[in-house]
Structures are given as C-alpha cells and as structure tokens.
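Remarks on the structure that follows.
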Amino acid sequence: MSFGERFTGFDEEAFRAFEPRKWSSNLFNMERMAVREQLRVIGMTVEPALLARYPFKWEVTTHVPSVFNGKRVSELTLYFTRNDEQQKSLTPLLDSRIALPDQISDAGEHHRHVTLGVRIDGGGLEVGLMLHSTAWLDVMNLLNRCRVAEESEQLLSLLRGAPDGAVFCVGPGVDVPAPQVTSQDLERLEQSVLNNTFLILVGRQYPAGDQRLRAAGFPAEVRDPLLALYPLWDFVAWRPASDFLEPQRVEPATAPVAVPALSLGSRVRLTEGVLAGREGVVVDMDHKGGLRVLIGRLNVRTAARSVLPL
C-alpha cells in the first residue's frame with residue numbers, strides 16, 4: 001500500500017470479514033487485509049499529531065492466523081505504543097513476580113502495553129485508550145495509583161475531560177460514561193482485572209452500521225479523540241518518573257517479626273510488592289518459605305514473611 005492510499009471507509013463487507021467461521025481460515029486473508037489497509041491509512045493520518053506529543057511507534061495487528069494470535073483473527077487493531085528502545089528497557093520488569101497463563105499464549109504486543117488506537121471486529125469499531133488486563137505492568141501501575149486519594153481524583157478529572165461520547169470499560173460488558181466514573185467504579189475495575197481477562201477501554205464505540213465509519217473524513221475524526229486521550233495514556237503508562245508498582249516504604253520493625261504459620265488454602269493479605277494490600281489463597285509452598293498466592297486469576301510468587309494470615 002502506498003502512502004497516497006485514500007480512506008474508503010468500513011462498510012458491511014469490512015465487518016463481515018470477522019465472522020466467526022472466518023477467524024481461523026486463510027481463505028479470508030484478502031478480506032481482512034483490505035480492512036488492515038484502511039487501518040493503516042488511519043495510522044498515517046494520525047501519526048504526525050501523536051508523534052508531536054510522544055515518540056510512539058505504531059503498528060496494525062496481522063490479518064493472517066498464526067501462533068502469535070492463537071491461529072485466529074477475530075479483530076484487527078491499530079495501536080500506538082512505546083517504541084522498541086523503551087520496550088527493551090522494561091524487559092526486566094516484565095519478567096516478573098506475576099504468572100499469567102494468558103501471557104504465554106498471547107504474544108500480542110498490544111496486549112502487553114497501554115496503547116492509543118482503533119480496534120475493529122464483527123460488531124463495530126472502538127477508538128481510544130486501550131489497556132488489556134494482561135498488560136500487568138501498566139495495569140498494576142494504574143490500580144496502585146488509584147489507591148492514592150489525590151491520584152485517584154486526578155484520574156477522575158482526566159475522565160471528566162474525555163472526548164464526547166467516551167465510555168470507560170471497567171469490566172467485561174460494563175461501560176460507564178467517562179465523565180460519570182466514580183471512585184466506586186475504580187474499585188470495580190480492580191476486581192474485574194483480578195478476576196477476568198478483558199480489554200479496558202476509554203473511548204468511543206461505533207456500531208457496525210454507523211454511517212460515520214464510511215465517511216472520507218473519519219481518519220480526522222479518529223485523530224482528535226486520540227490526541228485528547230494522550231494525557232490519560234501518560235497517566236496510566238509506567239515509567240521511572242511515574243512508578244506506582246511498589247507501596248510506600250514502611251520503616252522496619254524494632255523487633256524481629258515471626259513468620260506466620262501457613263498451610264495450603266490459608267487466606268492471606270500481601271504486605272509487600274506490586275499487589276500489597278490484596279487478599280488471596282495460598283496454593284503452593286516450599287521448604288524455603290516461598291509461596292504462591294492466588295489473587296483472583298493472578299498466581300503471585302512471594303515469601304511467607306511478606307503475607308499476613310486472615
């Protein structure tokens with residue numbers, strides 16, 4: 001596709017490319033490739049404005065079934081995210097204390113980092129900030145940040161300034177108008193993340209039949225909300241200057257603290273690390289004091305000295 005390719009819109013045929021019977025078949029690669037090219041036109045339209053704010057890289061997910069997408073293409077996503085150099089610096093953090101089976105089978109870059117972009121599937125199209133619940137580095141940075149009162153209020157302020165029509169997906173199938181999000185919704189978001197796999201979205205949703213999706217000016221309509229959501233992306237994204245992965249340091253106790261007696265099935269509260277303050281169940285132990293604690297769907301490696309029995 002050349003840079004001069006024009007935007008021809010997303011018609012009914014574009015959405016039919018994502019019928020379930022087509023997801024795993026290479027016979028429909030050309031249909032999906034046509035949709036992917038339209039997303040690339042949008043990417044090239046949006047690129048100058050977003051790169052003026054931050055050194056993003058951008059890509060569109062592949063239209064071909066492969067091991068990297070579970071050998072099925074149920075959607076395509078245009079995403080702007082950290083560049084390669086920035087991602088490389090995060091590798092030690094991503095090799096983490098949290099074990100998510102989802103991350104083993106899902107190698108999608110757009111599921112490991114907070115992004116700004118466009119997602120299309122058989123039901124419609126979404127434009128906005130996207131954060132998959134398996135992108136634990138940015139997810140936990142957000143959740144821990146929301147536990148600080150002034151940070152939570154800053155997030156709510158950003159959401160009140162979200163583009164017209166934007167929703168905040170705080171759980172599977174639970175969309176709240178962004179300006180109406182409350183602190184209770186943020187608490188619900190945490191419970192959803194700990195117990196479900198889903199896409200956290202702050203942005204606009206267009207049903208498949210929306211005529212705006214066919215308009216030649218739609219790429220410009222995409223650019224404006226993505227620019228408006230950049231401050232929210234900056235709030236969510238982990239970086240050394242915005243690091244909420246660890247709780248505030250606690251002064252060491254004046255006397256040694258005994259390691260609690262625990263057994264498989266014990267309910268505990270973590271006192272250290274990314275998930276400090278959350279409760280879970282001990283599912284594995286070793287003779288050196290190492291534990292695995294299940295918090296929702298998260299299997300967390302920790303030590304006996306870093307938990308309190310409930």
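For Cα extents along the principal axes in Å, one of (i) 58, 41, 36; (ii) 70, 41, 35; (iii) 53, 45, 34 was computed from the structure I shared and the rest are decoys. Which label? Answer label, from the structure shown: (ii). Fully extending the segment from Asn26 to Thr62, taken as 0.36 nm per residue of separation minus the present Cα-Cα distance, adds 11.8 nm.
On the beta carbon distance between His287 and Asn195, with R0 = 45 Å, the FRET formula returns roughly 0.90.
Taking 0.36 nm per residue of separation and subtracting the current Cα-Cα distance, fully stretching the chain between Asp243 and Glu12 would add 78.8 nm. For Thr91, Thr8, Thr115, the sequence from fewest to most other C-beta atoms within 10 Å is Thr91, Thr8, Thr115. Would you list the membrane-span-like helices of the chain, meaning whole DSSP H runs whose alpha-carbon atoms span at least 18 Å along their axis and whose mean Kyte-Doolittle value is at least -1.0? TM-like helix candidates: 29-51, 183-195. To the nearest 500 deg cm²/dmol, what mean residue ellipticity at 222 nm is calculated for the chain from DSSP H runs of n ≥ 4 alone, each contributing -39,500 (n - 2.57), summed and divided by the residues? After summing the helix terms and dividing by residue count, I get -9500 deg cm²/dmol.
Summarising the label geometry, the points placed 7 Å from Cα in the beta-carbon direction at Ala228 and Leu308 lie 4.3 nm from one another.
Here, each number is a calculation from the coordinates, and none is a lab measurement. Since we're looking at a predicted model, the values are computed, not measured. We place every Cβ from the backbone using ideal geometry, glycine too, and count neighbours over all the protein chains shown.
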